[in-house]
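Taken together, the values in this text are just the output of simple stated rules run on the coordinates, not laboratory data. All values derive from a computational prediction rather than experimental measurement. Because the Cβ atoms are built from the backbone with ideal geometry, glycine has one as well, and the counts that use them run over all protein chains shown.
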Amino acid sequence: MNPLPVDTTEDVAGQAAAVALLPVGSLEQHGPHLPLTTDTLVACAVADRVAQAHPVRLLPPLTVSCSHEHAAWAGTVSISATTLAAVVGDIAASLRAAGTLALVLVNAHGGNYVLRNVVQEASAGSPPTTLPMALFPGSEDWAAARGAAGLATSNAADMHAGELETSILLHTHPEVVRPSYTGADHDADDRPYLLTTGLGAYSPPASSGDPRSRPPGRAGVCSTPSPGPSTGTCGRSRPAPAELRRRSTTSAPGATPTSASTP
């Protein structure tokens with residue numbers, strides 16, 4: 001799957017889609033086993049599945065966002081919440097001027113708390129001065145996807161580079177997953193001051209999850225649209241059973257504006 005749409009201007013004109021999808025990822029450490037672009041790849045996978053099921057316009061992803069909680073690790077790059085909100089606002093204004101009627105932010109990074117406020121403000125406005133927005137998927141969507149795929153962990157326990165994200169990339173982009181995922185587990189369920197201290201205070205290996213325990217036959221999960229010393233995980237990266245690949249589900253790691261979930 002190519003994360004960049006290849007539509008021409010004539011393609012877009014012919015679609016005349018009323019709703020646009022904007023994948024929002026990040027550029028941050030995901031341990032030694034997953035790439036810095038993990039959240040972007042996940043957001044694109046979710047958006048692509050939604051676009052397959054609905055007549056929407058799929059936009060290229062935002063690849064850098066608010067990853068300040070991962071600043072202690074090499075490779076992480078962030079922009080401010082103000083900048084992210086401004087970029088989304090400018091994109092929405094451009095889409096509105098071109099005739100788009102609504103924008104769905106397909107967010108795969110839990111640290112992008114500001115997107116909730118952006119969506120709230122846009123939805124409270126009055127067209128044509130604002131473009132109505134939605135944020136997908138949420139924590140409930142990810143919890144449902146975990147259940148459907150038979151994953152062993154919860155949103156809270158499998159917070160970063162764990163079972164969920166590793167499973168999705170094993171399914172959609174297996175070539176980017178390093179063999180070290182089998183030893184990247186780290187439990188850090190209790191993270192009361194994550195916003196202040198960053199992930200490093202709770203997960204010296206830079207992770208919170210269990211990407212390791214992979215029984216034979218486990219392959220990967222991508223849910224269906226409802227619509228060195230550093231390992232970088234927080235949770236278990238246990239892929240879903242192979243048979244679930246054929247009936248897998250798509251979403252973006254559920255995130256709440258608390259320390260419980262920051263993929």
For Ala98, net neighbour charge (Lys/Arg +1, Asp/Glu -1) across residues whose Cβ lies under 15 Å away: -2
In whole Hz, with x marking every Gly and Pro, tabulate ³J(HN,Hα) for the stretch 132-141 from phi via Karplus 6.51 cos²θ - 1.76 cosθ + 1.60, θ = phi - 60°. x, 10, 9, 10, 9, x, x, 4, 5, 5
Peptides 88-95, 29-36: what's the order by average Cβ count within 10 Å, highest mean first? 29-36, 88-95
List the residues, sorted by chain then number, that are 5 or more residues from Asn107 or on another chain and whose placed amide H is less than 5 Å from its amide H. Val24, Phe136
Can you check what the net charge comes to around Thr130, using other residues whose Cβ is under 15 Å from the Cβ of Thr130 (Lys, Arg +1; Asp, Glu -1)? -1
